[in-house]
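Asker: First the structure, which I've put down as structure tokens, then a few questions once you've had a look.
The values are calculated or read from the model by the stated rules, or taken from the named source; none is laboratory data. A quick note: this is a predicted structure, and the numbers were derived from the prediction, not measured. Note that each Cβ is placed from the backbone with ideal geometry, even for glycine, and that neighbours are counted across all protein chains shown. The accessibility values were calculated without ligands, DNA or RNA, using every heavy atom of the protein model including side chains. Shrake-Rupley method; radii C 1.70, N 1.55, O 1.52, S 1.80 Å.
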Amino acid sequence: MMMWGYGPGYWLGMGVIMVLFWGLIVAGIVALVRYIGGARHTGGPDATSRPPRAEEVLAERFARGEVDADEYRQRLELLRARR
């Protein structure tokens, strides 16, 4: 005999739909939290950061006085020749 006029396929289908519904709700909440939390994330390298170029490193060393003007020019010529 059928329970309240519905067959077993109906109850199985309703169970699957309920699981899918709650799965979508949970996935939506997780996605929202990740989106909101990602907007405040700082401290790590972002998409615009890049490692310093060799010429920039050489210029910094020259500015700190680690290399003199002659050595700076020689190394800069060498770096530019390798391009």
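Asker: Scan the helices (runs of 4 or more DSSP H) fully inside the chain and keep the ones with 3 or more residues being of a type in the set (A, V, I, L, M, F, W, C), at pLDDT 90 or above and open to solvent by 100 Å² or more (accessible area, probe 1.4 Å).
Answerer: 8-39
Asker: Shifting gears a bit: Pairs needed: first member in the range 52-65, closer than 17 Å to Ala81 by Cβ; second member anywhere, part of a helix (DSSP H, G or I) and of a type outside the set (Val, Ile, Thr); C-beta distance under 6 Å; at least 6 residues apart or different chains.
Answerer: Listed pairs, sorted by first residue: Ala54/Leu79; Glu55/Leu79; Leu58/Arg75.
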